[in-house]
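See structure below.
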Amino acid sequence: ASESEVNDVVVIGGGPGGYVAAIKAAQLGLKTTCIEKRGALGGTCLNVGCIPSKALLHSSHLYHEAKTKFANHGVKCSDVQVDLPAMMAQKDKAVFNLTKGVEALFKKNKVNYVKGAATFLSPSQISVEEEEEQGEKKTVVGKNIIIATGSDVKGLPGITIDEKRIVSSTGALALTQIPNKLIVIGAGYIGLEMGSVWARLGSEVTVVEFAPVIVPTMDGEIRRQFQRSLEKQKMKFMLNTKVMGVDTSSSDVVKLTLEPSAGGGDQTVLEADVVLVSAGRTPYTAGLGLENIGVETDKIGRIPVDRKFSTNVKGVYAIGDVIPGPMLAHRAEDDGIAVAEFIAGKEGHVDYDKVPGVVYTHPEVASVGKTEEQVKESGVAYRVGKFPMMGNSRAKSIDDAEGLVKVIAEKETDKILGVHIMASNAGELIHEAALAISYDASSEDIARTCHAHPTLSEALKEAAMATYDKPINI
Ligand code: FAD
């Protein structure tokens, strides 16, 4: 390649990790190319993840509120119905506009966008099979390569996903009919969010989980309340249960054979119209040719990196879902900024212990920092402050007061160790806590910060107050 064709940075993958890394690198004055094979930018998150799921969560919430809550607010409407094609069209429009928006950002920041599948030829040369000219291959050259190829659906042995009756999250975001019965295998956040969507639209939803608890990373106390809340919304849970087999021979129903996780107990057969396999995600490196250049992967296929996101091969970096760490879009984005800064010779920083996590059900559940179980295990003496949303005037005034805020602070120093919120918009409330934890703030710092009234945020202030003193409004 002539010198003018050599990129400073080549990013493989246009998801939240890759597209953000590409834009940041270009902003830092580096000649940058991003290669994406999906035909659209935005990766899993924009195309089949965060964005379409939140679109359907919102639409189904509106329907559910109209059916069950509007009358309490004096809004009368009769004959509320779901128009599923219209709901899906609204979701597709949101996805299309956002992916096109990323393309526009590439143009604005002068990131060169190559559509096609990338394979390493050497640590600086990448062969791209271009989408538009099938079979045509071109070589893209870069001084630094960032692998941001993300993750893919993890299947279960013996279960074939056809995306019609046995679906992954991708199929669950595009069903053409509301299933009468939906079984969700896996009680992680994706399974619970998708289960909520279809439960609100009228499906009878049963969640089957191998572990004894739902979302195992969640603070135990919050998790128990969360499960009760989902049960009130008519979702059923079969915990400690493993899937033994699936029978799709009937054209009417899918039959799932289940057994206690420990084995040995009676088998049960559950029938459903649709089964969602939501058993986690797996790093995606197929076809990338990592073996051609000797990039190492760990036992579960992730690419280990050092503090600067460098792999074991010089000049080759990796970020996002394909490396160890929380598999979340905002964390991939932060990786993307940091790796571009490191490549540009600056400092970058992402603290995986301070990445907030949100489950976008209703109420939402959000957390940052350590759970009470983790703090207990660390042996640090701590205090807990709690405040129920029932004591929050804004939540009461809008008749949406389910949940609580829980603040965990170090006993000796009052430093905040973890904050867990279950509330209607916990996903927004959590960032005050994320900022506090990033600055090593104490619970008293939050409690003495003036919070506007009446806001849901006041519940965090009161929970913070409750860690070292008494709250006022409960
Ligand atoms: P990805 O987004 O997976 O992007 C990788 C891209 O690389 C893909 O577009 C792929 O086509 C491309 N690629 C792969 N190999 C090649 C190759 N050889 N050549 C060229 N291109 C290649 N996270 C949140 O934070 N919040 C949420 O609400 C949320 N909701 C989710 C809901 C669902 C249903 C799912 C499935 C995921 C959700 N996630 C959410 C997780 C989030 O989508 C991921 O953490 C995030 O997309 C990871 O970003 P990434 O850039 O590492 O990889």
Failed criterion for LEU276 (all others in (1) part of a loop (DSSP other than H, G, I, E, B); (2) at pLDDT 95 or above hold): (1)
Residue in the stretch 322-337 that is more than 13 Å from the ligand (Cβ to nearest atom) and under 29 Å from LEU28 (Cβ atoms) present: no
Matching entry among THR257, THR176 (being of a type outside the set (A, V, I, L, M), more than 16 Å from the ligand (Cβ to nearest atom), surrounded by fewer than 17 Cβ atoms within 10 Å (Cβ to Cβ) and closer than 28 Å to LEU41 by Cα): THR176
Failed item in (1) within 12 Å of the ligand (Cβ to nearest atom); (2) in contact (Cβ under 8 Å) with a residue 60 or more places away in the chain; (3) surrounded by 19 or more Cβ atoms within 10 Å (Cβ to Cβ), with SER60 passing the rest: (1)
Given (1) surrounded by fewer than 16 Cβ atoms within 10 Å (Cβ to Cβ); (2) farther than 26 Å from ILE446 by Cα; (3) in contact with a Lys or Arg (Cβ under 6 Å, 6 or more places away or on another chain), number of the condition PRO326 does not satisfy: (3)
Top-ranked residue in the stretch 14-57 [being away from the ligand (no atom under 11 Å from the Cβ) and among the hydroxyl-bearing types (Ser, Thr, Tyr); ranked as nearest to TYR113 (Cα to Cα)]: THR33
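Out of VAL20, VAL48, VAL111, which single residue is buried (at least 19 other Cβ atoms within 10 Å of the Cβ), closer than 30 Å to GLY345 by Cα and under 22 Å from the mean Cα position of the chain (by Cα)?
VAL20
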Some residue of the stretch 198-216 being part of a helix (DSSP H, G or I) and farther than 17 Å from SER59 by Cβ: no
Checking GLY345 against (1) surrounded by fewer than 22 Cβ atoms within 10 Å (Cβ to Cβ); (2) under 27 Å from SER196 (Cβ atoms), the condition it does not meet: (2)
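What residue, of VAL213, VAL197, VAL205, is aliphatic (A, V, I, L, M), out of contact with any Asp or Glu (no Cβ under 7 Å at 6 or more places or on another chain) and over 21 Å from MET327 (Cβ atoms)? Lay out the reasoning, then the answer.
On the way: VAL213 fails: over 21 Å from MET327 (Cβ atoms); VAL197 fails: over 21 Å from MET327 (Cβ atoms).
Step by step, each of VAL213, VAL197, VAL205 is checked, and only VAL205 is aliphatic (A, V, I, L, M), out of contact with any Asp or Glu (no Cβ under 7 Å at 6 or more places or on another chain) and over 21 Å from MET327 (Cβ atoms).
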Test set (1) within 27 Å of HIS362 (Cβ to Cβ); (2) of a type outside the set (D, E, K, R); (3) under 21 Å from the mean Cα position of the chain (by Cα); (4) within 16 Å of the ligand (Cβ to nearest atom) - GLY155 fails condition number: (1)
Yes/no for GLY158 being surrounded by fewer than 23 Cβ atoms within 10 Å (Cβ to Cβ), part of a strand (DSSP E or B) and either among the small types (Gly, Ala, Ser) or in contact with a His (Cβ under 6 Å, 6 or more places away or on another chain) (or both): no
Members of the stretch 280-299 found to be at negative phi and more than 15 Å from the ligand (Cβ to nearest atom), listed by number: GLU296, ASP298, LYS299
Verdict on THR455 being more than 30 Å from ALA71 (Cβ to Cβ) and of a type outside the set (D, E, K, R): no
Which listed residue, of GLY49, GLY14, GLY39, is touching a residue at least 40 places away in the same chain (Cβ under 8 Å), on the phi > 0 side of the Ramachandran plot and of a type in the set (Gly, Ala, Ser): GLY39
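Given the stretch 1-84, what helices (runs of 4 or more DSSP H) lie entirely inside it while holding 1 or more residues that are touching a strand residue (DSSP E or B) at 6+ places or on another chain (Cβ under 6 Å) and under 19 Å from HIS330 (Cα atoms)? First the steps, then the outcome.
On the way: elements: 16-27, 43-48, 50-68.
Result: 16-27.
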Matching residues in the stretch 29-44 - criterion: being in contact with a helix residue (DSSP H, G or I) (Cβ under 6 Å, 6 or more places away or on another chain) and under 16 Å from GLY142 (Cβ atoms): THR32, CYS34
Strands (runs of 3 or more DSSP E) contained in the stretch 325-405 and holding at least 3 residues acidic (Asp, Glu): none
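The values are calculated or read from the model by the stated rules, or taken from the named source; none is laboratory data. Keep in mind it's a predicted model, so treat the numbers as computed, not measured. Cβ: placed from backbone, ideal geometry, glycine included. Neighbour counts: every protein chain shown.
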